[in-house]
C-alpha cells in the first residue's frame, strides 16, 4: 500500500507540475553531479599535469578506456531507466522494479567483463588509443586502477540513472558529488604526499568510484524509491533484456563514439608529439566540463519526456523539449564565450608548457565557436530515447561524433 501511495504521488508530480519548473528541479541536482564529476576528472588532469607532459597525456589516453566503460553502464542505465519512467507513467510499479533489477545486475556483469578484458589486453589497447613509448608507463599505472573499479563504475551509472528517471535527481546527486569531492581531496594526497604519481591518481579515482557506488546503492533502502533492486526480480525473459539493450543503445553510441573520436584524435596527434596529445586531452576535459551543463539539463528533461509520454501527455513532452533546447543553448553560449576569451589561461592552468598552450588554445577556441549548437542534437537524442524511439535516438547520437567528427579528423 505504501509503495502504491508513493507511485501515485510520483505520478501526480511528474504529470501535473509545470514542465519548466519540473525540468529545473530535476536538472539542477543533475548539473551539479555532472559538474562535480567533470571537476574530479579535471583534477586528475590538473594534478598529474604537474608531473610532466607525458603523464598528462596518459590521463587523456586512459580517459577513452573510462568512456567505453561508462558507455556500457549508461546503456544499461538509460535502457532500464527509460522503461522505468514509462512504466511508472502507466502506474506499473512491479514492472519498474523488474527493469531496475535487470539493468543493475547486467551492468555489474558487463563491468567485470570489461575489467578482465582490459587487464589481459591492456598494452595493445593503450597503443590503439594513441599511447607512445614515453606515455605507456604512466598510462598503464593509471589504467590498471580504472579497470579494477570498472564494475563499480558501470553499476553507479545504472543506480544514478534509475534514481534520475524516477525523478529523484537529488538523491543521485549525493552519491556522485561525494565521490567527486573525495577524488579531488585524494588526488594531491596520493600523487604528491605518498609520491605515487599517476598510480596515486588512479587509486584515488578508483576509491571514489567504489564509495560513490555504495552510497548510491544505499539510496534504494527504505521508502525513498519506488524501484527496488532484487536478484529475484531480474527478468528471465530475453525480450526484456533486448528491450534494455535496444533502448540503451543510443547511450552506447553517444558515449562510445566520444571514446572512438578521442582515440582517433589521439592517434592522429601522435606524429606531433606528446605535447599535442596532452593539449587535446586538456581541451577535451574543458569542453566536457562546459558540455556537462547541457547534458545535465537534457538528463533532467529526459524523465519528464518519458514519464509524460507514458501518461499520454504529448503536449507536455513537446513543451519540455523546446524549453530544454532554449535554456541549454543560452547557458552553453555564455560559457563558450568566456572560455574563448580566456582560452590561453585555461590551458595554462593544466600544463605550463609553451607547445601545449599554443596547440590547446587554438583547439579550444575552435570548439567554443560551435559548442552552443550541440544541445539541439543532444536533447533530440535524449527525447527519442526517453519515448522509446531508439533508431531515431541512435541516429541523432551518431551524427556529431560518428558521421562528422571522425571523418573530419581523418581528412
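Only the coordinates and a few stated rules stand behind these numbers; no lab work does. Note that the structure is a prediction, hence the values are computed from the model and not measured. Please note: Cβ atoms are built from the backbone with ideal geometry, for glycine as well, and neighbour counts cover all protein chains shown.
Worth pointing out:
- Among 37, 205, 17, a tally of other beta-carbon atoms within 10 Å of each Cβ gives an order, fewest to most, of 17, 37, 205.
- Cα gyration tensor, region 267-392 - rounded (a/c under 1.5), prolate or oblate: prolate
- Rounded Å value of the spacing that divides the Cα centres of region 89-112 and region 119-179: 21 Å
- Cα gyration tensor category, rounded, prolate or oblate, for region 154-272 with a/c compared to 1.5: oblate
- Inter-part distance where region 333-375 and region 242-284 are each reduced to a Cα centre, Å: 18 Å
- Between 0 and 90°, nearest 10: helix 374-386 axis offset from the chain longest Cα axis: 40 degrees
- Rounded, prolate or oblate (a/c below 1.5 giving rounded, otherwise prolate when a/b exceeds b/c) for region 86-216 by Cα gyration tensor: oblate
- Cα long-axis angle, helix 136-148 against the chain (0 to 90 degrees, to the nearest 10): 20 degrees
- Ordered by the number of other Cβ atoms lying within 10 Å of each residue's own Cβ, fewest first, 262, 404, 247, 377 fall into the sequence 404, 377, 262, 247.
- Cβ-based exposure ranking for 78, 345, in which fewest neighbours within 10 Å come first: 345, 78
- Most mobile listed residue (21, 313, 87) in the chain, GNM with C-alpha springs under 10 Å: 21
- Between the Cα long axis of helix 2-16 and the first principal axis of the chain there is an angle of about 70°, rounded to the nearest 10.
- Relative contact order [Cα under 8 Å, 6+ residues apart], region 183-262, whole percent: 15 percent
- Relative contact order (percent, whole number), the chain, Cα cutoff 8 Å, 6+ residue spacing: 27 percent
- Over the chain: helical MRE at 222 nm, DSSP H runs n ≥ 4 each giving -39500 (n - 2.57), nearest 500: -28000 deg cm²/dmol
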